[in-house]
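Every read-out reported here was derived from the displayed coordinates using simple, explicitly stated rules and does not represent laboratory data. Computed from a predicted structure; not experimentally measured. All Cβ positions, glycine included, derive from the backbone under ideal geometry; neighbour counts span all protein chains shown.
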Amino acid sequence: MKIAITGVSGRMGRMLVKVVSETQGATLSAAMERPGHDWVGKALETMLPDAPAAVVVTDDADAALTASDVVIDFTAPAATVALAQRAAEIGCAMVIGTTGFIDEDIVAIERASTHVPIMRAGNMSLGVNLLTQLVRQVAASLGAEYDIEVVEAHHRMKVDAPSGTALMLGEAAAEGRGVALREVEDRGRDGITGQRKEGAIGFAAIRGGNIIGEHDVIFAGPDEVITLRHSATDRGLFARGAVRAALWCKGRSPGHYDMVDVLGLS
Ligand SMILES: NC(=O)C1=CN([C@@H]2O[C@H](COP(=O)(O)OP(=O)(O)OC[C@H]3O[C@@H](n4cnc5c(N)ncnc54)[C@H](O)[C@@H]3O)[C@@H](O)[C@H]2O)C=CC1
Ligand SMILES: O=C(O)C1=N[C@H](C(=O)O)C[C@H](O)C1
């Protein structure tokens with residue numbers, strides 16, 4: 001499987017190069033960075049020791065996609081949406097780990113996925129994708145007297161909040177309760193907020209240091225608190241999930257898939 005990585009100098013991009021190099025059946029066919037980035041035009045192996053020889057970092061998305069079966073993208077929403085449009089035209093599958101999308105971005109990605117398989121997930125780990133199922137089940141079992149709060153913590157460089165994972169967990173809780181998340185979500189409390197609204201699903205975000213990713217879903221009820229927690233301790237977790245998804249895309253029909261499909265959890 002010929003795999004292109006975009007955002008190759010990023011925290012996830014570097015990890016992906018290592019995981020692709022360790023994965024049987026996967027070959028790094030192209031490495032991309034944004035135009036103007038100082039890695040463009042340089043041999044990747046001079047930056048990353050795990051990189052295969054002869055891969056030169058490029059900002060030419062069309063050339064990279066044409067040379068590849070699938071592209072793995074952990075970048076930023078505008079870059080991801082633009083690349084999904086090119087991938088659809090060129091016929092290259094895509095694995096998207098980027099988070100922080102607005103509704104219009106998702107519509108554009110869905111449109112692209114009518115032409116090629118696109119696997120998109122706010123978290124590529126087995127643990128979080130299992131946790132979403134538990135959260136849905138617990139939310140469905142407990143009444144509205146159990147207040148649901150999603151608390152996440154990440155490193156100081158993270159630019160979006162709530163995290164993509166927190167939103168996945170919030171969606172699962174809302175599904176369990178049979179409500180739409182956008183109707184009940186409560187983000188970023190500050191000042192005289194008034195009492196908690198019955199049925200609200202609250203979000204809180206902590207940013208600091210080099211925390212990889214911590215997520216708690218709290219069900220606070222009468223005289224008891226149930227907490228479901230996931231802790232990521234190494235970014236390799238996400239990279240391994242993404243490469244597994246890339247291999248899974250081989251021969252797949254066009255469509256918008258998620259990690260639950262890849263892991264066979266549905
Ligand atoms: N789904 C998951 O499991 C995970 C998702 N993420 C998400 O992945 C994204 C990236 O995270 P990090 O690697 O920590 O960020 P980062 O800031 O370290 O890396 C992003 C890279 O994308 C590059 N980039 C930006 N625009 C580009 C373009 N047009 N073409 C090519 N490259 C471009 C940047 O130059 C940078 O090297 C974030 O949205 C983050 O939330 C991160 C970890 C796990
Ligand atoms: O930006 C990160 O680092 C992470 N982003 C994802 C998210 O927004 O949930 C996944 C993981 O928690 C790390």
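Checking the condition touching a strand residue (DSSP E or B) at 6+ places or on another chain (Cβ under 7 Å), within 27 Å of L65 (Cβ to Cβ) and surrounded by fewer than 19 Cβ atoms within 10 Å (Cβ to Cβ), which residue from G251, G255, G236 passes?
Sole residue among the options that is touching a strand residue (DSSP E or B) at 6+ places or on another chain (Cβ under 7 Å), within 27 Å of L65 (Cβ to Cβ) and surrounded by fewer than 19 Cβ atoms within 10 Å (Cβ to Cβ): G255.
In the stretch 139-179, which residues are over 19 Å from R196 (Cβ atoms), of a type in the set (A, V, I, L, M) and away from ligand 2 (no atom under 12 Å from the Cβ)?
Across the stretch 139-179, the qualifying residues are A140, A172.
Filter the stretch 149-181 down to the residues that are within 13 Å of ligand 1 (Cβ to nearest atom) and in a strand (DSSP E or B), then identify the one that is farthest from R235 (Cα to Cα).
Restricting to residues being within 13 Å of ligand 1 (Cβ to nearest atom) and in a strand (DSSP E or B), the top hit is E152.
R111 versus (1) in contact with a helix residue (DSSP H, G or I) (Cβ under 7 Å, 6 or more places away or on another chain); (2) closer than 30 Å to I5 by Cα; (3) among the charged types (D, E, K, R): which is the lone unmet condition?
Unmet condition: (1).
For a quick check of your reading: which strands (runs of 3 or more DSSP E) sit entirely within the stretch 204-266 and have at least 3 residues that are out of contact with any Cys (no Cβ under 9 Å at 6 or more places or on another chain)?
Those strands (runs of 3 or more DSSP E) span 213-221, 224-232.
Residue check: is S266 away from ligand 2 (no atom under 16 Å from the Cβ) and either out of contact with any Pro (no Cβ under 8 Å at 6 or more places or on another chain) or not aromatic (F, W, Y) (or both)?
yes
For (1) buried (at least 24 other Cβ atoms within 10 Å of the Cβ); (2) more than 22 Å from the chain's Cα centre (by Cα); (3) away from ligand 2 (no atom under 16 Å from the Cβ), each residue gets a yes or a no:
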residue: A30; (1), (2), (3): yes, no, yes
residue: K42; (1), (2), (3): no, yes, yes
residue: V56; (1), (2), (3): no, yes, yes
residue: I102; (1), (2), (3): no, no, no
residue: I118; (1), (2), (3): yes, no, yes
residue: A121; (1), (2), (3): yes, no, no
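Specify the residue that is farthest from ligand 1 (Cβ to nearest atom); the eligible residues are those in the stretch 91-108 that are within 15 Å of T6 (Cβ to Cβ) and aliphatic (A, V, I, L, M).
A93
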